[in-house]
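Accompanying notes for the structure given below.
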Amino acid sequence: MQRRDLLRTLALTTAGLTVLPAFAKQNFMRDIAGPGYTRGDFGNDFLWGVATAAYQIEGAWNVDGKGPSIWDTFSHTKGKIKTKETGDMACDFYHTYKSDIDLIKEMNMDVFRFSIAWSRVLPNGTGEKNQKGIDFYHNVIDYCLQVGVQPWITLYHWDLPQALQDKGGWPNRNTYTAFCEYANMVTKEYGSKVKNWMVLNEPLAYTALGHMIGMHAPGKKSVGKFLRAAHHTALSQAEGGRIIRANVPDANVGTTFSCSDIDPLKEKPKHQRAAARVDALLNRFFIEPVLGMGYPVDTIPGFKGIKKHFEPGDEEKLKFDFDFIGIQNYTRELVKASIFPPVMWAWQIPADKKPVENIEITDMNWEVYPEGIYNVLKKFAAYPGIKKIIVTENGAAFTDTLVDGRVHDEKRTKFYQDYLAQVLRAKKDGVNVTGYYCWTLMDNFEWAEGTRPRFGLVYTDFTTQKRIIKDSGLWFKDFLRK
């Protein structure tokens, strides 16, 4: 998770375009005293879980044969991480995975969504395997199955092997070929045990923030690099789905997108056009090619150059019929027309500058706006090619204080209650949403923000690696009690 303030330098997070002005919307669940629903209201087959990412929790960055990733390099580069930290230790999940999975079970969650560190199993990105790394994920999977937690694997959550970056990274088409080799190896290795797979995590985030904005690894700033990286990523998204389906009997295959409800600042054509451009890049750019609709570059003519990177057959290769789409939502954005930045001509209004009464803001300077997840779910459900949706990330960072062995995180608990009410609203309105995974299991290394923002249901003491279930986690434990 994390794509904050992308529009501030070029664009936004991602969004479902809504042309109503911001002030016309109602946060109708904001003032309720309790959730007003039960687990049973979501249905007996509805899945509940937590989501994580390898680099953010594993640590053990250079042990047991693991090769470096672009995030190892980036976090070790002066000035890249706000807190001057690295993910070398993170949550030390590599050594504490059993007790951490026990916490998932204790909170009565069904699903543990985690990613595989590509350079842990293939240190050079291709070629020779690292058996100790392969064994680690076997151990994680086996322990999940032992305690009754479903393992759901994300193939790629932003940590490209540095060896591939040294050869050009995602802007190099050979990385697409290497990804296919990696996906083929991993799915054959674990496919007899794991039936639920996601290809990519938030492709727009790592292609734009990493290659056009420079805020994330590998820290590049080039529209051309972004377009090449985006096309090779989109090819990998579809081909990864085909590889999973070929190698894993009875696989449930999906991929995930970050999405935020986007509103124009005012009902004026220039602001509405700006919001449409943002929507085309940050919400539609990766879902529409996979549905056979192509890149939405007619809305953003400045990105038509992506077609220069097509090779014969690519238009068909971009398509894949996913079993589900993962939606990841945190906030809503207000957009206004602007002479900067170029291409987009649109600007994000920071949450603390929004002209909205009684606004609540998280530690990431994101507006708490529960109705946004309803709007996003409705928007994506309107695509004829989307069969079902899972909320594969949703959560909030607030300042947590440990007092007498407890973390009373009332704001986070209320956040989850209000957002879940909107998920249930969408489900009752006919959206085939079949699961909800919290971001995240425990406080972790939050990319370029370091360990300061705390999103976890579980409190992490980064000095001692002690874990304490917060009140929000205890609320889920009680809510999900069967």
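Within 10 Å of each residue's Cβ, count the other Cβ atoms and sort Y383, Y156, Y94 from fewest upward.
Y383, Y94, Y156
Using just the helices of the chain, give the 222 nm mean residue ellipticity in deg cm²/dmol: DSSP H runs with n ≥ 4 each add -39,500 (n - 2.57), and the total is spread over all residues, rounded to 500.
Values: 16 runs with 163 residues, N = 482.
Helix contribution divided over all residues of the chain: -10000 deg cm²/dmol.
Trypsin sites (Lys or Arg not before Pro) within region 26-127: which are DSSP loop residues with at most 15 other Cβ atoms inside 10 Å? Can you show the working numbers first?
Values: sites: R30, R39, K66, K78, K80, K82, K84, K98, K105, R113, R120; in loops: R30, K66, K78, K80, K82, K84.
Of the trypsin sites (Lys or Arg not before Pro), the ones in loops of region 26-127 whose Cβ has at most 15 other Cβ atoms within 10 Å are R30, K78, K82, K84.
Treat every Asp and Glu Cβ in the chain as -1 and every Lys and Arg Cβ as +1, leave all other atoms uncharged, and give the resulting dipole magnitude about the Cα centre to the nearest 20 debye.
1120 debye
Region 375-395 to region 110-160: how many Å between their Cα centroids?
Their Cα centres are 26 Å away from one another.
For D478 and I339, what is the calculated FRET efficiency with R₀ set at 56 Å and r taken between the beta-carbons, to the nearest 0.05?
0.60
Calculate the translational D of region 364-482 in whole µm² s⁻¹ from Stokes-Einstein, where the hydrodynamic radius comes from the Kirkwood formula applied to all Cα pairs, the temperature is 25 °C and the viscosity 0.890 mPa s.
Reported coefficient: 159 µm²/s.
If each of K319 and H95 carries a label point 7 Å out from its Cα toward its Cβ, how far apart are those two points in nm?
Between K319 and H95, the label points sit 5.1 nm apart.
How high is the relative contact order of region 6-479, given as a whole-number percent (alpha carbon pairs under 8 Å, six or more residues apart)?
Details: 1036 pairs, mean separation 97.4, N = 474.
Reported as a whole number, the value is 21 percent.
Alpha carbon centre of region 247-302 versus region 171-197: separation in Å?
25 Å
Between A382 and H138, what FRET efficiency comes out of the Förster formula 1/(1 + (r/R0)^6) with R0 = 60 Å and r the beta carbon distance, rounded to 0.05?
E(calc), rounded to 0.05, equals 0.90.
Which option, [x] 22; [y] 40; [z] 65, is the value of percent of Cα pairs over 36 Å apart that was calculated from these coordinates?
[x]
I'd like the antiparallel share, as a percent to the nearest 5, of DSSP beta bridges with both residues in region 383-482.
Counting only bridges with both partners in region 383-482, antiparallel ones make up about 65 percent.
Take every DSSP beta bridge whose two residues both sit in region 6-479, then give the antiparallel share in percent to the nearest 5.
The antiparallel fraction comes to roughly 20 percent.
Output wanted: per-residue J couplings in Hz (rounded whole) for region 134-141, from phi through Karplus 6.51 cos²θ - 1.76 cosθ + 1.60, θ = phi - 60°, x for Gly and Pro.
4, 5, 4, 6, 4, 5, 5, 4
Longest span of the chain, sites excluded, free of GluC sites (Glu not before Pro) in DSSP loop with at most 16 other C-beta atoms within 10 Å?
With a cap of 16 other Cβ atoms within 10 Å, the longest stretch comes to 129-266.
Which of the lysines could a cross-linker bridge to K82, judged by Cα under 24 Å and excluding same-chain residues fewer than eight apart?
K220, K221, K353, K466
How many angstrom lie between the Cα centre of region 51-97 and the Cα centre of region 421-476?
First find each Cα centre; the distance between them is then 20 Å.
How much length, in nm to one decimal, is gained on full extension between K78 and R452, taken as 0.36 nm per residue of separation minus their Cα-Cα distance?
Length gained between K78 and R452: 132.9 nm.
Quick check: pseudo-label points 7 Å beyond the Cα along Cα→Cβ at D64 and K353, how many nm apart are they?
It is 4.6 nm.
Of M185, A274, T434, whose Cα points farthest to the positive end of the dipole of the chain (charges on the beta-carbon: +1 Lys, Arg; -1 Asp, Glu; origin at the Cα centre)?
It is A274.
In whole Hz, what ³J(HN,Hα) sequence does region 309-314 give by Karplus (6.51, -1.76, 1.60; θ = phi - 60°), x for Gly and Pro?
With the stated coefficients, region 309-314 comes to 9, 6, 10, x, x, 5 Hz.
With each pseudo-label sitting 7 Å past Cα toward Cβ, what's the N174-V147 distance in nm, one decimal?
According to this spin-label approximation, the distance is 4.2 nm.
No lab work stands behind these numbers, since they all come straight from the coordinates. None of the values given here were measured: they were computed from a predicted structure. Heads up, the Cβs are rebuilt from the backbone with ideal geometry, glycines too, and the neighbour counts pull from every protein chain shown.
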